[in-house]
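Working notes for the structure below.
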Amino acid sequence: MHAQDLEPEMEALLLGLFPDLPLYWHGASEEDIARMEAIAGRPLPRFYRWFLSRMGRSMGPLAYPSMDFSVAKILSCYNEELVLPNPRLLLIGYEQNEDMPLHLFYDFDFPARDDVRVTKRHFLGGPIYNGFETFREKLAWGKFLTERVEKLPQRCEGSFRGTGDVVQALDSVMDNLSFKKLIPTGDCCALYDRPDAAMTIQSTPDEPPSLFHFFDLGGSSTGVLRRILGNIGTETRFDVKITSWTPPLPKRGE
């Protein structure tokens, strides 16, 4: 199967945000992918195999400021025994900021949707900090937020407080509002888009599940955003709280 056939929704999302991406991303060799699989001691998740085959050498404009996801860096960490093979945890991102050296790992105890939960941890051990249910969701959420939502003229952020399957309830409302859901997700993350607005939601995959999902919503005007959030509050009965507007809204009387 060709790499582009492994993750069609993800490829469509990223190429929509970065049309020239194929000029800059570079995949890892099959030999290096096999080395990663040997360290994991199990078949690599489909998404990670796609990621390595597409950008295992270079992420191009998708690169993170301080975290190195290149297969060369990950393999060197294992070769130098900075981190040791572990049947549960696989290093996939090396944090270069020495002030906060929490590196990104797959946690194989929590597979989901042909991928695995991502967590952060120090090489020396200690607490595990959950991030996203999948690496797919982490990558898509971050890039869609910075390259789509945050580039719209008016934005707001806040939270939905609700119980049950929050994303399933939101999917129905957003579909009725003509939004497209961009990638398959669980109940801790979602990306929605339509020509005049875009939204991300995210919560940490903990037990018990969080009552709060945090949203970032961007659109063409304040009125558009208020109507979207009003529909969500009415149709789902979530407690919708806006914590900030960007740019700030004028104060009353101004």
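The values are calculated or read from the model by the stated rules, or taken from the named source; none is laboratory data. No experiment lies behind these values; they were computed from the predicted model shown. In this analysis, Cβ positions are derived from the backbone assuming ideal geometry, glycine residues included, and neighbour counts consider all displayed protein chains.
Scanning the range 142-153 for residues that are surrounded by 21 or more Cβ atoms within 10 Å (Cβ to Cβ) and under 25 Å from Phe110 (Cα atoms) turns up just one, Phe144.
Can we say Pro45 is surrounded by fewer than 16 Cβ atoms within 10 Å (Cβ to Cβ) and either more than 24 Å from Ser203 (Cα to Cα) or assigned by TED's automatic domain parsing to the domain that holds Leu14 (or both)? It would help to see each step written out before you state the result.
Details: surrounded by fewer than 16 Cβ atoms within 10 Å (Cβ to Cβ): no; either more than 24 Å from Ser203 (Cα to Cα) or assigned by TED's automatic domain parsing to the domain that holds Leu14 (or both): yes.
No.
For the range 179-235, the candidate set comprises residues that are at pLDDT 95 or above and of a type in the set (D, E, K, R); within that set, the residue that is surrounded by the fewest Cβ atoms within 10 Å (Cβ to Cβ) is Lys180. Annotation: of all residues in the range 16-42 being farther than 25 Å from Arg148 by Cβ and of a type in the set (Asp, Glu), the one that is surrounded by the most Cβ atoms within 10 Å (Cβ to Cβ) is Asp32.
Yes/no per residue for (1) assigned to a loop (DSSP other than H, G, I, E, B); (2) surrounded by 13 or more Cβ atoms within 10 Å (Cβ to Cβ):
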position	(1), (2)
Leu82	yes, yes
Tyr94	no, yes
Asp99	yes, no
Phe105	no, yes
Pro111	no, yes
Arg117	no, yes
Gly126	no, no
Gly131	no, yes
Arg155	no, yes
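Among the residues making up the range 183-218, those that are out of contact with any helix residue (DSSP H, G or I) (no Cβ under 9 Å at 6 or more places or on another chain) and within 17 Å of Asp115 (Cβ to Cβ) are Thr204, Pro205.
Just to be sure before I move on: is Arg117 basic (Lys, Arg) and under 30 Å from Glu81 (Cβ atoms) in the structure I sent?
Working: basic (Lys, Arg): yes; under 30 Å from Glu81 (Cβ atoms): yes.
Judged against the criteria, Arg117 is a match.
Contact map, the range 86-110: first residue within 15 Å of Met67 (Cα to Cα), second residue among the polar types (S, T, N, Q), Cβ cut-off under 7 Å, separation 6 or more or different chains; pairs are Glu95/Ser66; Gln96/Ser66; Asn97/Ser66; Phe105/Thr119.
The set of residues from the range 88-111 being over 23 Å from Thr146 (Cβ atoms) and modelled with pLDDT under 95 comprises Glu98, Pro101.
Considered as a group, the residues in the range 159-178 that are of a type in the set (Gly, Ala, Ser) and without any contact (Cβ under 8 Å) to a residue 60 or more places away in the chain include one that is surrounded by the fewest Cβ atoms within 10 Å (Cβ to Cβ), and that residue is Gly164. At least 2 residues being β-branched (Val, Ile, Thr) and within 23 Å of Leu152 (Cα to Cα) is the threshold, and among the strands (runs of 3 or more DSSP E) wholly inside the range 165-248 those reaching it are 197-202, 239-246.
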